[in-house]
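Peer 1: The structure is given below, and queries will be raised subsequently.
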Amino acid sequence: MTVTWEELGWERLAAGVGRCRLPGWDCTVGLVVGGGSALMIDAGSSVAEGARLRGEAQALAGHRVTHLALTHPHFDHVFGAAVFAGATVFAAGRAHEVFERGGEELRADAVRNGLDPRAAENAADTLVRPREYVWGNALLELDEGPQALMVTTRGHTAHDLVLLVPGDPAVVFCGDLVEESGEPQAGPDAVPSLWPAALDRLLDLGGEDAVYVPGHGAVVDAAFVRAQRDALATRFGVSR
């Protein structure tokens, strides 16, 4: 790498794995670097933010981003995707209908939540349709060793995608199934009855010693995920 994670305001989590905490909605994006490939996890909330992230990722990896995984189709996680030209884009299989409907409902949600209307319109007009949809599990092997296991589940939305990057420590990118900087948000596309079980799945994937990267906020540990699982079960009346 030509620069360090810290020099660009990123947080190194393990060898070749880092994340960046973004301003505004406090979203997280992740990066996994291989020898000649790089996986980005989520893309930011606008085309301009995505362009900045692309430049930083290229500086960290020493080459372009080759793969992009979108944890769920909400504007603050997908609206920067258009700038990752040539990257193979992954999403959960159940997200297919959302992307195929186009960007209008995402644009409206973005504006309601404070994104500049022109920025929202630009991002919606250039909304990327994923090339690969994941059903169940899929293993992505990057050059020279790094792997990412992509797993679909339901909770925050009906089409969540989480990623496990094995290592020391293992890193689990949780999307908005886990939030640290505020209470988890349950919109009309949430599946509350399945959310606690989705967090059980995350814990099974990562184990006790993994680093868990929430969709919003600071990195957390397994104890935090368990506590949030129990709080969600109480909040939604899900028996354990």
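The values are calculated or read from the model by the stated rules, or taken from the named source; none is laboratory data. Being a predicted model, the structure only gives us computed values, none of them experimental. Cβ placement follows ideal geometry from the backbone for every residue including glycine, while neighbour counts extend to all protein chains displayed. Areas reflect the complete protein model, heavy atoms only, side chains present, ligands, DNA and RNA absent. Shrake-Rupley method; radii C 1.70, N 1.55, O 1.52, S 1.80 Å.
Peer 1: Note down all Cβ pairs under 7 Å where the first residue falls in the stretch 4-27 and is within 23 Å of Glu141 (Cα to Cα), the second is modelled with pLDDT of 95 or more and among the aromatic types (Phe, Trp, Tyr), and they're at least six residues apart or on different chains.
Peer 2: Glu11/Trp5; Arg12/Trp5; Gly18/Trp5; Gly18/Trp10; Arg19/Trp10; Cys20/Trp10
Peer 1: From the list Val219, Val238, which one is among the β-branched types (Val, Ile, Thr) and within 24 Å of Asp76 (Cα to Cα)? Before the answer, list the steps.
Peer 2: On the way: Val238 fails: within 24 Å of Asp76 (Cα to Cα).
Just a single option satisfies the conditions, and that option is Val219.
Peer 1: So which of Leu199, Leu194 is among the aliphatic types (A, V, I, L, M) and either open to solvent by 20 Å² or more (accessible area, probe 1.4 Å) or touching a strand residue (DSSP E or B) at 6+ places or on another chain (Cβ under 6 Å) (or both)?
Peer 2: Numbers: Leu199 fails: either open to solvent by 20 Å² or more (accessible area, probe 1.4 Å) or touching a strand residue (DSSP E or B) at 6+ places or on another chain (Cβ under 6 Å) (or both).
It is Leu194.
Peer 1: Going through Arg112, Arg129 one at a time, which residue ends up being farther than 14 Å from Leu22 by Cβ, among the basic types (Lys, Arg) and free of Cβ contacts under 8 Å to residues at least 12 places away in the same chain? I'd like the intermediate steps shown before the answer.
Peer 2: Working: Arg129 fails: free of Cβ contacts under 8 Å to residues at least 12 places away in the same chain.
Exactly one of Arg112, Arg129 is farther than 14 Å from Leu22 by Cβ, among the basic types (Lys, Arg) and free of Cβ contacts under 8 Å to residues at least 12 places away in the same chain, namely Arg112.
Peer 1: Keeping to the stretch 154-175, report how many residues are within 13 Å of the chain's Cα centre (by Cα) and over 24 Å from Gly62 (Cβ atoms).
Peer 2: Adding up the residues that qualify gives 10.
Peer 1: Pick from the stretch 175-190 the residues that are free of Cβ contacts under 8 Å to residues at least 60 places away in the same chain and open to solvent by less than 30 Å² (accessible area, probe 1.4 Å): which of them is nearest to Arg235 (Cα to Cα)?
Peer 2: Pro184
Peer 1: Could you check how many residues of the stretch 53-68 are of a type outside the set (Ser, Thr, Tyr), assigned to a loop (DSSP other than H, G, I, E, B), on the phi < 0 side of the Ramachandran plot and open to solvent by 10 Å² or more (accessible area, probe 1.4 Å)? Give the steps one after another, and end with the answer.
Peer 2: Applying the first criterion (of a type outside the set (Ser, Thr, Tyr)) to the stretch 53-68 yields 53-65, 67-68.
Filter once more, keeping what is assigned to a loop (DSSP other than H, G, I, E, B): 62-65.
Within this subset, residues satisfying the condition of being on the phi < 0 side of the Ramachandran plot are 63-65.
Next, only the ones that are open to solvent by 10 Å² or more (accessible area, probe 1.4 Å) stay: 63-64.
So the answer is 2.
Peer 1: Only residues that are touching a residue at least 40 places away in the same chain (Cβ under 8 Å) and hydroxyl-bearing (Ser, Thr, Tyr): list them for the stretch 200-240, please.
Peer 2: Tyr212
Peer 1: Among the candidates Asp176, Asp168, single out the residue that is in contact with a His (Cβ under 8 Å, 6 or more places away or on another chain) and of a type in the set (Asp, Glu).
Peer 2: Exactly one of Asp176, Asp168 is in contact with a His (Cβ under 8 Å, 6 or more places away or on another chain) and of a type in the set (Asp, Glu), namely Asp176.
Peer 1: Just need a number here: residues in the stretch 103-149 that are open to solvent by 50 Å² or more (accessible area, probe 1.4 Å) and either part of a loop (DSSP other than H, G, I, E, B) or closer than 22 Å to Ala92 by Cα (or both). Can you show your working first?
Peer 2: Keep residues of the stretch 103-149 that are open to solvent by 50 Å² or more (accessible area, probe 1.4 Å), which gives 104-105, 107, 111-114, 116-118, 121-122, 125-126, 129, 131-133, 135, 137, 139, 141, 143-145, 147.
After this cut, where a residue has to be either part of a loop (DSSP other than H, G, I, E, B) or closer than 22 Å to Ala92 by Cα (or both) as well, the list is 104-105, 107, 113-114, 116, 125-126, 129, 131-133, 135, 137, 139, 141, 143-145, 147.
Total meeting the criteria: 20.
Peer 1: Name every residue in the stretch 212-240 that is under 17 Å from Leu164 (Cβ atoms) and open to solvent by less than 30 Å² (accessible area, probe 1.4 Å), in order of residue number.
Peer 2: Listed by number, the residues that qualify are Tyr212, Val213, Pro214, Gly215, Val220, Ala222, Val225.
Peer 1: Which ones in the stretch 181-235 are part of a helix (DSSP H, G or I), under 28 Å from Trp10 (Cα atoms) and either of a type in the set (A, V, I, L, M, F, W, C) or in contact with an Asp or Glu (Cβ under 7 Å, 6 or more places away or on another chain) (or both)?
Peer 2: The answer is Ala198, Leu199, Leu202, Leu203, Leu205, Ala222, Ala223, Phe224, Val225, Ala227, Arg229.
Peer 1: Another question, then. So, in the stretch 23-52, how many residues would count as being buried (at least 24 other Cβ atoms within 10 Å of the Cβ) and assigned to a helix (DSSP H, G or I)?
Peer 2: Residues in the stretch 23-52 being buried (at least 24 other Cβ atoms within 10 Å of the Cβ) and assigned to a helix (DSSP H, G or I): 1 in total.
Peer 1: Related question: When you go through (1) part of a loop (DSSP other than H, G, I, E, B); (2) under 27 Å from Ser37 (Cβ atoms) one by one for Leu164, which number turns out not to apply?
Peer 2: If we test Leu164 against (1) part of a loop (DSSP other than H, G, I, E, B); (2) under 27 Å from Ser37 (Cβ atoms), just (1) comes out false.
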